[in-house]
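The values are calculated or read from the model by the stated rules, or taken from the named source; none is laboratory data. Quick caveat, the model's predicted, so the values are computed rather than measured. For neighbour counting, all protein chains shown are included, and Cβ atoms are generated from backbone atoms with ideal geometry for every residue, glycine included. Remember, those area values only see protein heavy atoms, side chains included, never the ligands or the DNA or RNA. Shrake-Rupley method; radii C 1.70, N 1.55, O 1.52, S 1.80 Å.
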Amino acid sequence: MTATVHPDTVLIVDFGSQVTQLIARRVRETGVYCEIVPFQSAEEGFKRLKPKAVILSGSPASTLDIGSPRAPQVIFDSGLPVLGICYGQQTMCEQLGGKVEAGHHREFGRAFIEIDKECALYDGLWTVGSRHQVWMSHGDRVTAIPAGFDVVATSPNAPFAFIANEDKKFYAVQFHPEVVHTPDGAKLLANFVHKIAGLKGDWSMAAYREKAVAEIRKQVGDKRVICGLSGGVDSSVAALLIHEAVGDQLTCILVDHGLMRKNEAADVVAMFKEHYNLHLVHVDASDMFINALEGESDPETKRKTIGKLFIDVFEAEAKKLGGADFLAQGTLYPDVIESVSFTGGPSVTIKSHHNVGGLPARMNMQLVEPLRELFKDEVRVLGKELGLPDSFIGRHPFPGPGLAIRCPGGITREKLEILREADAVYLDEIRKAGLYDAIWQAFAVLLPVQTVGVMGDGRTYEFVCALRAVTSVDGMTADFYHYDMDFLGRAATRIINEVRGINRVVYDVTSKPPGTIEWE
């Protein structure tokens, strides 16, 4: 879907920080629309989006390195409010005549700033002389500020922790207000977009729905659209939105690739046929997918194989319909962000099962992606706006590769069936315990190791099953769910007793930092 310019937009220039997405989340939470653009195309993004304010992100880079990222000068010449965060502060100072040096005390983690001067950015939050916790993550630091700037706050290792040029509405902080470890950080960002930039905060899902429907109609016209309907929240919301826009021009295709959860395909078909007047085609392609994946152990090859076969199935089904001009997908904003390597890193591989980079030329189809501006939690709000039941909106995410990426090592039909049964028992226990809605995502993983065990009077040599459960808001970061041991004991006992092929269960207690992939 072709993006349009929102009347009140904040531009976030990404210099490669792992928490840039959190800046966007905090801005969106204020009711203001924003977009992230990589620094390499920031000038083009600035001209295209016509923003009302700009935020410069952090970065793993150093402004002292030759060729390090810079903000386009047009941003500083525009007269718009600008907020620099961490590296964003440092490049702002360098570009405007200040100085940055290395070799001083580094700060990583919790720190405290002392407020020395009144400033509009913290209006209503802090007072002169007060002390506040923030989160630092820097090696270099500013040692001289540009003309026109004043020091607002200091920390023991950052004499220019918070600076401002009130006349130009330029603000810069060495700490990260976007992370939860800076308790007042979200309020600082809200002050920036509302009090400094004067934006109203009237961006809503109702407004997004109206805009998206109009854009879909404009893009599609009287042509035919096919939509890959997985049964997940993303593709379902995309399907309902497109159906509202173009009605019977939409055909949804549910591809059962043999990697879905137990009874998933049947449940999805039943729900949509009973409650929604959509044209839905159910394609059983499980043999095709599993034959192609059997024995494959490389996770990236699995993803690419699945993505290719999805395209093959959609292409074949489009021909049966007499052709289609558009393929619709439930691509989200994190998919778009993570599929673009802003600083030459590995993020291009993270969403390789999504076609965010376009479709094969042979298909002669265009993508319709009405959710590509939204985060996961925003899609849930839109789903509610469209009338999806809460029980469906609250479903745990289950990405396209399905069980394939939850079965590390070589894929076999037997292993997939063992994993499917274990996963079903695990989710059943979660629901019985009343924990499903408290957990953002939970799933079982069949590890590529086998252990010796004794069950009854016999010795076994069977697989180890790992259980995963995380809490999150947007899926960009996650922390493991803190089960009590009674629950884990019940779940493990049921899996071992009921699922032949598993004799040991472990619980995964790792967290998910920004930008990491699902399992492998």
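Can you find a residue in the stretch 111-120 that is of a type in the set (Val, Ile, Thr), part of a loop (DSSP other than H, G, I, E, B), closer than 24 Å to Val180 by Cα and in contact with a strand residue (DSSP E or B) (Cβ under 9 Å, 6 or more places away or on another chain)?
no
If you check every pair at least six apart or on different chains, which have Cβ atoms under 9 Å apart with a residue in the stretch 190-210 that is basic (Lys, Arg) first and a residue that is assigned to a helix (DSSP H, G or I) second?
Matching pairs, first to second residue: Lys195/Ala120; Lys195/Leu121; Lys200/His194; Arg209/Leu241; Arg209/Glu244; Arg209/Leu382; Arg209/Glu385.
Which number in (1) open to solvent by 10 Å² or more (accessible area, probe 1.4 Å); (2) under 26 Å from Ala207 (Cα atoms) marks the one condition that Arg25 misses?
Arg25 satisfies all of (1) open to solvent by 10 Å² or more (accessible area, probe 1.4 Å); (2) under 26 Å from Ala207 (Cα atoms) except (1).
In the stretch 283-310, which residues are more than 15 Å from Arg413 (Cα to Cα) and either in contact (Cβ under 8 Å) with a residue 60 or more places away in the chain or among the hydroxyl-bearing types (Ser, Thr, Tyr) (or both)?
Pro299, Thr301, Arg303, Thr305, Ile306, Gly307, Phe310
Among the residues of the stretch 9-50, write down those that are closer than 19 Å to Gln89 by Cβ and assigned to a loop (DSSP other than H, G, I, E, B).
Residues satisfying the conditions are Phe15, Gly16, Ser17, Gln18, Val19.
With Gly458, Gly410, Gly434, Gly453 as the choices, which residue is small (Gly, Ala, Ser) and under 27 Å from Gly228 (Cβ atoms)?
Working: Gly458 fails: under 27 Å from Gly228 (Cβ atoms); Gly434 fails: under 27 Å from Gly228 (Cβ atoms); Gly453 fails: under 27 Å from Gly228 (Cβ atoms).
None of the others qualify; the one that does is Gly410.
Condition test on Arg110, is it touching a His at 6+ places or on another chain (Cβ under 9 Å), open to solvent by 10 Å² or more (accessible area, probe 1.4 Å), under 20 Å from Leu22 (Cα atoms) and not aliphatic (A, V, I, L, M)?
yes
Among the residues that make up the stretch 268-282, is at least one of them touching an Asp or Glu at 6+ places or on another chain (Cβ under 8 Å), within 26 Å of Gly307 (Cβ to Cβ) and either open to solvent by less than 60 Å² (accessible area, probe 1.4 Å) or in contact (Cβ under 8 Å) with a residue 60 or more places away in the chain (or both)?
Yes; the residues of the stretch 268-282 include at least one that is touching an Asp or Glu at 6+ places or on another chain (Cβ under 8 Å), within 26 Å of Gly307 (Cβ to Cβ) and either open to solvent by less than 60 Å² (accessible area, probe 1.4 Å) or in contact (Cβ under 8 Å) with a residue 60 or more places away in the chain (or both).
Could you pull out the residue among Gly221, Gly198, Gly185 that is open to solvent by less than 50 Å² (accessible area, probe 1.4 Å), on the phi > 0 side of the Ramachandran plot and modelled with pLDDT of 90 or more?
Going through Gly221, Gly198, Gly185 in turn, the sole match is Gly221.
Please go through (1) over 30 Å from Thr9 (Cα atoms); (2) open to solvent by 20 Å² or more (accessible area, probe 1.4 Å) for Ser155 and return the number of the only condition it doesn't satisfy.
With respect to (1) over 30 Å from Thr9 (Cα atoms); (2) open to solvent by 20 Å² or more (accessible area, probe 1.4 Å), Ser155 is out only on (2).
Taking the condition of being modelled with pLDDT under 95, out of contact with any Ser or Thr (no Cβ under 8 Å at 6 or more places or on another chain) and assigned to a loop (DSSP other than H, G, I, E, B), how many residues in the stretch 155-176 meet it?
2
From Gly67, Gly79, which residue is open to solvent by 40 Å² or more (accessible area, probe 1.4 Å) and modelled with pLDDT under 90?
Gly67
Quick check on Tyr208: is it closer than 23 Å to Arg372 by Cβ, surrounded by fewer than 21 Cβ atoms within 10 Å (Cβ to Cβ) and out of contact with any Cys (no Cβ under 8 Å at 6 or more places or on another chain)?
For Tyr208, the condition - closer than 23 Å to Arg372 by Cβ, surrounded by fewer than 21 Cβ atoms within 10 Å (Cβ to Cβ) and out of contact with any Cys (no Cβ under 8 Å at 6 or more places or on another chain) - is not met.
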